[in-house]
1. Can you tell me the 0 to 90 degree angle between the C-alpha axis of helix 717-731 and the longest principal axis of the chain, rounded to 10?
2. How much length, in nm to one decimal, is gained on full extension between residue 5 and residue 49, taken as 0.36 nm per residue of separation minus their Cα-Cα distance?
3. Subtract the Cα-Cα distance of residue 526 and residue 217 from 0.36 nm times their separation in residues, and report this length gain in nm to one decimal.
4. If contacts are Cα pairs under 8 angstrom and at least 6 residues apart, what is the relative contact order of the stretch 658-770 in percent?
5. How high is the FRET efficiency between residue 365 and residue 409 when r is their beta carbon distance and R₀ equals 35 Å, given to the nearest 0.05?
6. May I ask you to derive the relative contact order of the chain, considering only C-alpha pairs under 8 Å and at least 6 residues apart, and to give it as an integer percent?
7. Cα axis of helix 813-832 to longest principal axis of the chain: angle in degrees, 0 to 90, nearest 10?
8. With 18 Å as the limit, write out which pairs from 18/132; 474/598; 238/266 have Cα-Cα distances beyond it, or answer none.
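The values are calculated or read from the model by the stated rules, or taken from the named source; none is laboratory data. Keep in mind that what you see is a predicted model, and the values were worked out from it rather than measured. Cβ atoms come from the backbone with ideal geometry, glycine included; neighbour counts cover every protein chain shown. Note: accessible area is taken over every heavy atom of the protein model, side chains too, but ligands, DNA and RNA are not part of it. Shrake-Rupley method; radii C 1.70, N 1.55, O 1.52, S 1.80 Å.
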Amino acid sequence: MAGGFGTRLRPLTINLPKPMVPLVNKPIMEHIVNLLTVHGFNNLTSLLFFHPEAITSYFGDGSAFGTNMKYTRAEADYGTAGSVRNATEQHEIKERILIISGDILTDFDLSAALKFHAEKKAKATIVLTRVKNPLQFGVVITEEDGRIARFLEKPSWGEVFSDTINTGIYILEPEAFERIPYRREFDFSKDLFPLLLEENAGLYGYVAEGYWRDIGNLIEYHEAHLDVLAGKVELKIKGETKENAIVEEGAKTEGAIFYGKNIIGKNVKIGPGTTLLNCVIGNDTVVASGAMLEDAVLWNEVKIGDQAYINHSVICSQSDIGAEVKIHEHVFMGERCQIGEKAEIMPNVKLWPQKQVESGAVLHTSLVLEDKWSKALFTNSRISGASNIEITPEFTAKVGASLGALVGMGQFVVISRDSDPGSRVISRALTSGLMSAGVNVRDLEQTPIPLTRHDLLNGRQAGGVHIRKNPYEKRHSDIIFFDSDGKDLTTTKGKTIERYFFGEDFPRAPYDKVGTIEFPIRTGEAYRKAFLRSIDTELISKAKLRIAIDYAFGITSTIFPNILGTLGVEVVSLNGYLEPTKLTRAKEEFKRSTEQLKNIVTSLGYDVGFILDAGGERISVIDENGMFHHNQDLLTLMTKFFLESRMLEGSPVKKIAVPISASSEVESVARSYGVEVVYTKNSHAAMMIASNKTNVGFVGGTRGGFIFPDYFFAVDGMYTATKLLEMMARTKMKIGDIAQSLPHREQAHRQAFCPQDQLGTVMRRAMEHTKAMQRTLVDGIRFSPIGKDSAWVLIIPEKERPYCEILTDANSKETAEVLAEEYSAQIYEWRKNG
């Protein structure tokens, strides 16, 4: 498989297909060809697409490499499996085949994999390996005999049930690859393997020993060289072994000083007094006297001037580095660049090919404006970071341009924000980036998230964005992305934005196509009408309910009073004005607000008190007795009210959906009404997906967010509060009375420290530990320990911090706490012995 663009390896792959990028002075693909010939594969077919001539001219008919090489050029995008089937038809291949990528680095014993395949009489075998961070790969779970039981393509941390991953190396019998439709798009992981699994058609996994690395980005490319130098992978490396160096013919290194291990190519010239530590030097490269190179990778025909300094960086072919130049870590320089004398290139800079830096200049940013972002850009559909430090105007404008590249020139995007001044700055920068890409902006200004989602329902926009101060960390800001239908942006589209962002491939609109900006004025009115149409306002009005509301200084204070005015309820409002400095509430501040609201509700004899979050999405509730209900407690309460209300209304539901972490109280309540519970991941995106499922009438969250699919597909705190008033009026029941009648379970929570490079191992151990138990694999692993009655344990990796969360649910607090402690200790043992 040699058709990859290598987008994430730019600028190294601007003029080269990824398989031809040199790795220790040979194309990556040549190392794969060498491995194949060692294990007896002498008939090779390369599937080509990007810059195919670079591969065909280098390998020819394969005879110079001890093999017979044929080629298939893509006529269309048939997918990974479809492309292989196309090749088998073109070359009339009717026997067992091995598929391997031409852009990985490995020394696997392929003969052992073939032996395993034959012994199992498998129709298809996936070669597996174990890695520290399995997020970017397909996770595979096998039975003891190697038969594959389950796999997940590029899972979230909650779906990481093992550290065993798909390496992209497959062995297929004709019965397997003949299942691939000819000249149709078909994928191995998404289509063929699920089909074989469903048919129980002999799909096996072989866990290979040895080294394997998917060279997916620039850092991994550089680290692969260091792994070779450290002896972690077995490769054929030509040359004479000298002290601390392997030197090929024609190289002149007299007077050079070598430390660690170095690889020196053909005809290299290194001047006296030059020091090299763990470096790879390409053919015909010249390094002048007195230079200092540490962990450096130089391609062919590079020139390095006197007393230059290069640290932990990659310099592509025919680049010219002047005397006394300083190049700091993680600089990636394209081909034929020229760096003038005494220039300095600071860390994390990329230079596209043929760039020039003047003598004495100090370069802090890439010549294509590329900055290193130290973590994954997206967390679900959100970008978060320190306000005006990580989330800067420059950064945000670039995000806007990347979003513009996704949606396309001439499209509309909705933007809204909270009242924080930092959010206004980010909104303006994002707008600029979008308009520069030719995208028109519909600016709702200060608007709650539910209204922004509603506005997207008009079908005019290609997507939306909301900017807010983070509700839990006052120094941070969030940029939340919505799809064209108002739902959270999909992971696929988020990855596309990341690719544009990091690859600098977003277009700039010509001067006469720059986007426009409009400020709509009737968004709130449209929301109010849709809201009130779905509520029995007359029923609420007759109930003469009295309520207190804490608006948390959020935007809902400008909208919700107008809705409540039509419902005939008596209202006391707290914090009902915009105050940007108070949008984030610390725990103590929230506790004080809760106590204040409790006092008002009980002293005035009110029916209920609500705390709305600043974004208008989630609520907490205080009942007539002053009892505080939120998260798990509120979920059980809302479930009871909803099911009772629907029964009295004469329109009972068949299903409700809740997160896998929901208390078993919900299951008990639903069972008493004959209602099925559907479990989801504990995220808003998963809740929205569940709301679209047939017969699901209610989706409850564990964090104060609720979805009523008959009204809307997303959480809306204002609607939830109003719906609760309607349900109270219909059932003629008070919240405190309902709360006392509910089943009662206890939960305990722990956080077990677990670095991300050990999470996969821990989850694999957990899968092995729970094999004989009743378990559910929705988000993390939820299982019922043997002998613990109806108790269960949920182990789920955190997305952003090095911890495993442990949640236990039992009939007694003691049992829940004991289980939480037991599995916290168990995770420590799994880490220690992993």
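1. 40
2. On the way: separation 44, 0.36 × 44 = 15.84 nm, distance 0.83 nm.
Length difference between fully extended and current span is 15.0 nm.
3. Working: separation 309, 0.36 × 309 = 111.24 nm, distance 4.65 nm.
That works out to 106.6 nm of additional length.
4. Details: 96 pairs, mean separation 23.8, N = 113.
Relative contact order for the stretch 658-770 comes out at 21 percent.
5. Values: r = 26 Å, r/R0 = 0.75.
So the FRET efficiency works out to roughly 0.85.
6. Numbers: 1948 pairs, mean separation 65.2, N = 834.
This gives 8 percent for the chain.
7. Once rounded, one gets 10 degrees.
8. On the way: 18/132 24 Å; 474/598 26 Å; 238/266 10 Å.
Where the Cα-Cα span goes over 18 Å, the pairs concerned are 18/132; 474/598.
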